[in-house]
Amino acid sequence: MTGSTLLVLPVGLPWALAVALALLNGRRPWVGWLAVAGLGASLVSVVMLTFRVLREGPVETVTGGWPAGVGIVLRADVLGATFAAVSVGVILVSLVYEVFVGVRSRTFPALVLFLAAGLSGLFLTGDVFNFYVFFEVSMTAAYILTGYREQDYQVRGAFIFAVVNLLGSVIFLIAIAALYHVTGTLEMATVAERVREVNPNSLITIATAIFVAFSLKLGLFPFHFWLPVVYVGSHAPVAAILSGALANIGNYGLLRFGGDILSEELALGATAVLVLGSASIIYGALQAISRREPSEVLAYSTIGQVGYVLVALGIGGTVGFSAALIYAVVNSLNKALLFLVAGLRGPFVAAAFAVGAFSLMGVPPAVGFIGKIAVFKAGLAAGGVIQATLLVALIFLGSALSFVYALQIYQRAFLAKEPQGGLWDKTSPWTARALVVALAALVLAMGLWPEPLLVLGEEAATNLIESGGSP
Amino acid sequence: MGVMPRTVAKLLFLPTLVAAVAILVKGYAQTGDGFSAGVVASLGMVLQYLAFGRREAEKLPLVGFAGRGAFVGLLIGLLVAAVPVALGDPVFNHYPGPGAHVVYLGTLELITPVLFDVGVFLLVFGFAVGSVRAIANTITREEEYRGPDADDLGVEDLAKGERR
C-alpha cells in the first residue's frame, strides 16, 4: 500500500462509515459491530502508517496533486501517527465496551466514528486551518456524545462542555487568523520557517492565545473549571473517550505548536509553562484526594496528570519532548482503563482497576512507571541544580499524592461494604469485563516491554527539534 | 403573519432557488460555490417557514428530503475525495485532468469538482433546513402539549401567530 493511501485511510474510512451509519439505527447490534469493524480497520491502517513513518520518515501527500502551498497538505510524522494510533485505539475499546453493554441511542456509533475521523484527521494534517476544521469535527461529535443517555445532569454537562470549548475554539481560530496574517501561509512547515522573521511581539500574543486554547481543551489548572462537571456526568465509555482520546488534541497541539512551529516562543515562556504545570499537578492531586465519587476523583486526577505533560514540555529538548509524548500516551491508556472500569461491577473488575491505579501512581510493572521515569529524567536534565531539585521533588510529591487518591478510590469502590439493592448489585456482562481485563493486560505488557514506546518518544522528539530548530 | 409578507415570500421562493442553482453552477470561473448556493437556498426555505408556519412549509417539495440530503451530500463529497485514491491518484484529484478535453453543458463544465460542490450544496441546504424543521417541530409539539389555554399561561406572540 502506498504512503498516501495509508494517510487517507484512517481519516476517510471512519468518516464515510459514520455518514452511512448515521442513517441507520445504532441500537441494533449489527450496526454497532459494523462501526467496530470500520474503526478496527482504521486502527490497523494507522498502526501500519506508524511503522512506515518510523522506518522511512514522514509521509506527505497534497490534495489533488497540486504543489504544496496550493493544495492542502496531509502529513504524518512520528508524533502525529503515535497520537492517532493511541486515540483511535482508545476510541475503539470504548466503542466495543458500549456495544457489549448495549447502545441506547441510534446515533452513538456514528458519532463515535465522526469523532475518530476528526481526531485522526487533525493528527495527520500538515495544514493549520485543516487542523482547526478536523478539530471542530471531533469536538462537535464530542459535545453530543457528552449528553449521551440524556439524563438531566448529562445534558447540563454537555452544555457546559460545548460553551467552554467553543470559547476555546474561537480563541484558537483567532490565533490561526493572526498566524496567517503574519506569515501569509497555513502550511505548518512553511509557518515554522517564516515565523523566525516575524516581529516577536505579535508572535508572543499568538503563542499565548494558542496555549490558552489548548489548555482549555486539556483542562489545565487555571482553565480546568469545566472539566469535573463534564467528566463526572458522562457515561463511562464517553468519559474514557473524552479523557483518553479527545484530551490528546491538547497534548498534541501543545507539542506541535509549542515544540515545532513556535519553538522559540515556548522557550521564552518556559517558566510560565513550568509554573502552570506544577500548579496543575498539586491542585489536581489535592482536589482528587478530597473527593469521594470515583469518577470525580478521576476527573481531578486528569487535571493533575496533564500537569506532568506540561512540565515535560516546559523543560523542552529531546528529553522533555519525548517525556511529554510518552506521558501523554501512558495517561491516555490509564484514563481509558480507569474510566471504563469505574462503570463496571463483578469478578476481575477490581483487579483491572488495581492495574490502572498502579499505573496511575507509577508503580513498576505497569506502563505508568515508564511515563513517570521519563518525566523524572526530564526533570533531572532541567536547567540548574535548584530547578532540577525542585522539579524532581514536585514529581515525587505528585506521585505520592496520586498514591493516596488511587488507593482511596480502590478502598471505597471495591473494599467497602456496598449498600444492598443498590445500583452496583448487578454484575456487568462478562464480555465488557474481559475487555477491561485485556486493556489492563496491555497496560502491564507495555510496562514490561517499553522499548516501542520509548523509541516512538525519542523519534518524535528528534523530529520536532529538527524541524523546529531551537532546543 | 400578514398578507404582504406571505405574498412576498411566495413570490420569492422560486427565484431564490433559481438564484441558488445559478450560484452553484457559475463558480469555478466566477465567484460562487456550493456553500453559498446552499445558504441562499436554505434562506429561501426559512422564509417560507417564517411566513406560512410549519404545516404549510412542510408541503413544499424538497423539505422532507432535507435531513437525508445532508448525509447524501457529505457522502458525495467524500466519494469525490476518495475515488481518486482508489484509482491511485492523490486525494481530491479532479477528472478530466488539466489540459484534457472537457464536456460543456451550456457554460457549465462537467468536471468532478462540480460534483463536489453539489455535495457541499446538499450538505449545507440539508443541514440548515433539517435543523429549522427540527426546531419548528419542537415548538409545535410544545404548543400542543400546552393545550388551547396556553395564552393564559403567558405564551409569546410567536406561538400565537403560528396557530392562527
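The values are calculated or read from the model by the stated rules, or taken from the named source; none is laboratory data. Predicted model only: the values in this text are computed from it and were never measured. Because the Cβ atoms are built from the backbone with ideal geometry, glycine has one as well, and the counts that use them run over all protein chains shown. Ligands, DNA and RNA are stripped out before the accessible areas are found, and what is left, the full protein with its side chains, is counted by its heavy atoms. Shrake-Rupley method; radii C 1.70, N 1.55, O 1.52, S 1.80 Å.
Things to note:
- Taken together, the criteria place B:R54 among residues that are more than 27 Å from A:G121 (Cβ to Cβ) and touching a Ser or Thr at 6+ places or on another chain (Cβ under 7 Å).
- Of the residues A:L338, A:L325, A:L313, the single one that is assigned to a helix (DSSP H, G or I) and closer than 17 Å to A:P237 by Cβ is A:L338.
- Residue within the range A:68-91 that is under 20 Å from A:A20 (Cα atoms) and in a loop (DSSP other than H, G, I, E, B) present: no
- Qualifying position, being closer than 20 Å to A:K377 by Cα and free of Cβ contacts under 8 Å to residues at least 60 places away in the same chain, among A:G307, A:G259, A:G314: A:G314
- Boolean, A:G40 is out of contact with any strand residue (DSSP E or B) (no Cβ under 8 Å at 6 or more places or on another chain), open to solvent by 10 Å² or more (accessible area, probe 1.4 Å) and away from every other protein chain (no Cβ under 14 Å): yes
- Check on A:P58, within 22 Å of B:P90 (Cβ to Cβ), open to solvent by 30 Å² or more (accessible area, probe 1.4 Å) and more than 14 Å from chain B (Cβ to nearest Cβ): yes
- Number of positions in the range A:43-55 that are buried (at least 16 other Cβ atoms within 10 Å of the Cβ) and either within 14 Å of chain B (Cβ to nearest Cβ) or more than 24 Å from A:V101 (Cα to Cα) (or both): 9
- Failed condition for A:V229, given (1) modelled with pLDDT of 90 or more; (2) among the aliphatic types (A, V, I, L, M); (3) within 30 Å of A:R433 (Cα to Cα): (1)
- Some residue of the range A:430-443 being farther than 19 Å from A:A336 by Cα and modelled with pLDDT of 90 or more: no
- For the residues B:V40, B:V18, B:V63, the requirement of being aliphatic (A, V, I, L, M) and either surrounded by fewer than 15 Cβ atoms within 10 Å (Cβ to Cβ) or within 14 Å of chain A (Cβ to nearest Cβ) (or both) singles out B:V18.
- Which listed residue, of B:A57, B:A82, is away from chain A (no Cβ under 11 Å) and surrounded by 16 or more Cβ atoms within 10 Å (Cβ to Cβ): B:A57
- Among residues that are at pLDDT 90 or above and among the polar types (S, T, N, Q), B:T16 is included.
- Any hit, the range B:42-60, residues being under 30 Å from A:L74 (Cα atoms) and either part of a helix (DSSP H, G or I) or over 12 Å from the mean Cα position of the chain (by Cα) (or both): no
- Residue tally, condition without any contact (Cβ under 8 Å) to a residue 24 or more places away in the chain, within 14 Å of chain A (Cβ to nearest Cβ) and either buried (at least 19 other Cβ atoms within 10 Å of the Cβ) or at positive phi (or both), over the range B:95-120: 1
- As a summary of the residue check, A:P364 satisfies the conditions (1) open to solvent by 10 Å² or more (accessible area, probe 1.4 Å); (2) assigned to a helix (DSSP H, G or I); (3) not β-branched (V, I, T) except for the one numbered (2).
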